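Below is one structure; the comments refer to it alone.
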Amino acid sequence: MKKNITISTAMYRTAKAVSAITLLSLAACGGNEAPVAEAVAPMANPNIETAKQWVTAMSTGQAEGLAAVESLMADDGKLVRGRYVGFGFTWDPSDGEGRMIVGTVTPESPAAAVLQAGDEFVSVRGVEVNKANMDKLDFRGKPGEVVEAVILRGEETMEIAVTRGVISTPISKAQSLEWMSTGDGENWAPDKWELHEAVGNDNVVYVWTQNWDTDETSGLPVEAHTVTRFVFNDAGQVSRVASLSEDRFALEQAGWNISR
């Protein structure tokens, strides 16, 4: 999702392909002839095909991605989002009325103790929220820095203070669906994408993909590689999924820098 960019280290490592297991069967031979070894094609790993189905859906559209999570992830599955320094909440930057309304709150994040879904930011560090500045408000800072704001919860106006921290909490299947539902469906899919490789051994699968896209703010073309690691349960459902991607590199291509 173009507006929910997570900054992460632009280094990653693909897994080495696992050598295929060759099955041999001995053919009965008459006379004094020795048995002949007959090669049998290795059995395909169905988890690799499921992982490819997952990444394809995620790169096709929001509805397709939601359907993939619903059908392919185990009920107790976890999605590990990229780590970042911040607060742990999302909001819809395309709100037509210029409102900054909290969509989801990450469990165990700094925001979890202060914010609730549906809270509306009135001001941030003394600057009133409006349509022109809602994507430029000063939430930046180093870990441990406090950001003061005013929110509207129902009909009550509240002053809050949130401390920036490292966000790294995995989210459940239900939370994943809720988080994805807040994304911008019209701009979900990249301009182009390619699946380069998918390798796995039993219940662990790695998929390497590449996206080409256009930065919404600068209009510049950007491209980035991503490696996604899947862990499957015995029923062939995704029990844990995490990605390591070049999000920071994508930002730098569009002229953005990471502040202190």
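Below are the figures for this structure:
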{"quantity": "The range 83-100, residues that are buried (at least 19 other Cβ atoms within 10 Å of the Cβ) and either in the same structural domain as residue 186 (by TED's automatic domain parsing) or over 17 Å from residue 181 (Cβ atoms) (or both)", "calculated": "86, 87, 88, 100"}
{"quantity": "Selected residue [of a type in the set (Val, Ile, Thr), touching a helix residue (DSSP H, G or I) at 6+ places or on another chain (Cβ under 9 Å), in the same structural domain as residue 61 (by TED's automatic domain parsing) and farther than 30 Å from residue 145 by Cβ] from 204, 227", "calculated": "204"}
{"quantity": "Every residue from the range 109-124 that is outside any loop (DSSP other than H, G, I, E, B) and over 23 Å from the mean Cα position of the chain (by Cα)", "calculated": "113, 120, 121, 122, 123, 124"}
{"quantity": "Qualifying residue in the range 60-70 (condition: in a loop (DSSP other than H, G, I, E, B) and either of a type outside the set (A, V, I, L, M, F, W, C) or modelled with pLDDT of 95 or more (or both))", "calculated": "yes"}
{"quantity": "Wholly within the range 132-250, strands (runs of 3 or more DSSP E) carrying at least 1 residues that are surrounded by 15 or more Cβ atoms within 10 Å (Cβ to Cβ) and without any contact (Cβ under 8 Å) to a residue 60 or more places away in the chain", "calculated": "146-153, 156-163, 204-214, 221-232"}
{"quantity": "Qualifying positions in the range 45-82 - farther than 17 Å from residue 175 by Cβ, out of contact with any strand residue (DSSP E or B) (no Cβ under 6 Å at 6 or more places or on another chain), surrounded by 18 or more Cβ atoms within 10 Å (Cβ to Cβ) and of a type in the set (Gly, Ala, Ser)", "calculated": "57"}
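The values are calculated or read from the model by the stated rules, or taken from the named source; none is laboratory data. All of these numbers come straight from a predicted model, not from anything done at the bench. Note that each Cβ is placed from the backbone with ideal geometry, even for glycine, and that neighbours are counted across all protein chains shown.
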